[in-house]
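Below: one structure, written as structure tokens.
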Amino acid sequence: MPEQPAQTSPAPYDALLLLSFGGPEGPEDVVPFLENVTRGRGIPRERLEEVGQHYFLFGGVSPINAQNRELLHALREDFAEHGLDLPVYWGNRNWAPYLTDTLREMAADGHRRIAVLATSAYASYSGCRQYRENLADALAALEGEGLPLPRVDKLRHYFNHPGFVRPMVDATLAALAELPEGVRAGAHLAFTTHSIPTAAADTSGPAPEHGEGGAYVAQHLDVARLIAEAVGEETGAVHPWRLVYQSRSGAPHIPWLEPDICDHLEELHGQGVPAAVMVPIGFVSDHMEVKYDLDTEAAAKAAELGLPVARASTVGADPRFAAAVRDLLLERAATERFAAGDGPVAPERCALGALGPSHDSCPVGCCPARSPRPAAAGAD
């Protein structure tokens, strides 16, 4: 790899791994994919086939893999435009290209220090720790095959990076503009994210941040506030807002974060609110849980109520998000060099809002699993 100026050097990293959830790419993939997602939970096949109907409405194809390909292209394009000579690979948790296969390929290509970007912006077990467990499982598989093991470092949470927040501001403004002019000024903003069990939310983030809602809720609230304030500055109108949830999938007796988006739309209608914009801040791309739970299910509820709604897009492959990934990578590289005595100063860490930049390495007790399992890229 040719020598690069320090400010654009990815050293000590020699590759970036885009790590995502994965999704089916045809009807025959749907149930096997859902079996991968739910492995070890004892969920009957009949229930998986029922959930699979969401995918069959879209031809059995989840948009997520196509969107990851777009992001992969955007990252490679951004890196090339800025002289960053670093290969970018892609691996999934639950469908091809599988993480273990991708790490095997990276090891065979000679990569020994890998930065990892997960397509989840917030702290939670399923959005962070579980990906770290997946990395540990993949590394164990490579070790069992006698392959050289690369070191993997997961890039920090980016929920409050300007390259994530500003595209969401613009998407919210664009969605507001889709509403009829007569209801636009009075529209409420419903910031949506994936509902998780309250017990998982309460223990999300580092241990000092544990408590009601934990880091998961606090981070989403901070992003929602940032977007709502920016939208108000742009429009000159005050748009009331609330953080709401979607895509609940657990047993009815287990408490999950509420209110659900459909219940919230009913509440808004009952209050005489003239319109609403759904802003999916909890998702990086318009994958199935956005396309079905918002564009299909919530949109149908709004139509039933006679409530005008619009839905903001996610950041997807926005060039500003690709630039944010580059910034996160170079920031972490400079941090590693500084810690090793190879850099003159610690780098600036870019973040908006009240919470500041997240930690680089997950500390002990961060987003703990129900049953302890090995995890890579952290202190435990």
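Here are the numbers for this structure:
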read-out: For I64, solvent-accessible area (1.4 Å; no DNA, RNA or ligand), Å²; value: 10
read-out: Options T296, A108, F164, ranked by Cα towards positive dipole end of the chain, top entry (Cβ charges); value: A108
read-out: Rounded to whole Hz, the Karplus (6.51, -1.76, 1.60) HN-Hα couplings of the stretch 67-76, x for glycine and proline; value: 5, 5, 5, 5, 5, 4, 5, 5, 5, 4
read-out: Angle between the chain longest axis and helix 45-56 axis [Cα atoms, degrees, rounded to 10]; value: 80
read-out: With 5 Å bins from 0: P(r) over the stretch 237-380, alpha-carbon pairs, percent; value: 2, 7, 12, 13, 14, 15, 13, 10, 7, 5, 2, 1, 0
read-out: Net length gained if the chain between R76 and E304 were fully extended (0.36 nm per residue, minus Cα distance); value: 77.7 nm
read-out: 20 °C / 1.002 mPa s Stokes-Einstein diffusion coefficient of the stretch 77-198, Kirkwood radius on C-alpha pairs, µm²/s; value: 122
read-out: 3J(HN,Hα) from dihedral phi, the stretch 95-108, Karplus parametrisation 6.51/-1.76/1.60, rounded to Hz, x for glycine, proline; value: 7, 4, x, 6, 3, 4, 5, 5, 5, 4, 4, 5, 5, 5
read-out: Residue (of V51, L72, L135) at the positive-pole extreme of the stretch 4-152, dipole from beta-carbon charges; value: L135
read-out: Helix axis angle, 214-235 relative to the chain longest principal axis, alpha carbon, degrees; value: 60
read-out: For the stretch 256-380, size of Cβ-based charge dipole, Lys and Arg +1, Asp and Glu -1, in debye; value: 440
read-out: Placed amide H near R248: partners under 5 Å, 5+ positions off or other chain; value: S195
read-out: Per residue solvent-accessible surface (Å²) - the chain, probe of 1.4 Å; value: 43
read-out: Order by protection proxy (mean Cβ within 10 Å, highest first), peptides 189-197, 86-94, 52-60; value: 189-197, 86-94, 52-60
read-out: Protection proxy ranking of 285-293, 230-238 - average other beta-carbon atoms within 10 Å, highest first; value: 285-293, 230-238
read-out: For the chain, fraction of C-alpha pairs farther apart than 27 Å, in %; value: 50
read-out: Peptide ranges 320-329, 138-147 listed from the most packed, as the mean C-beta count within 10 angstrom indicates; value: 320-329, 138-147
read-out: Kirkwood hydrodynamic radius (C-alpha pairs) into Stokes-Einstein, the stretch 1-109, 37 °C and 0.692 mPa s, D in µm²/s; value: 207
read-out: C-alpha long axis of helix 319-339 to longest principal axis of the chain, angle in °; value: 40
read-out: Given charges at beta-carbon only (K, R positive; D, E negative), |dipole| of the chain in Debye; value: 640
read-out: Per-residue ³J(HN,Hα) for the stretch 206-212, Karplus 6.51 cos²θ - 1.76 cosθ + 1.60, θ = phi - 60°, Hz, x for Gly and Pro; value: x, 3, x, 8, 5, x, 4
read-out: Accessible surface of the chain, 1.4 Å probe, proportion on carbon and sulfur as whole %; value: 54
read-out: Stokes-Einstein diffusion coefficient of the stretch 148-267, Kirkwood radius over Cα pairs, 4 °C, 1.567 mPa s, in µm²/s; value: 80
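The values are calculated or read from the model by the stated rules, or taken from the named source; none is laboratory data. Since the model is a prediction, treat every value here as computed from it, not as a measurement. Cβ coordinates were reconstructed from backbone atoms using ideal geometry, including for glycine residues, and neighbour counts include every protein chain displayed. To get the accessible areas, we keep the full protein, side chains included, count just its heavy atoms, and leave off ligands, DNA and RNA. Shrake-Rupley method; radii C 1.70, N 1.55, O 1.52, S 1.80 Å.
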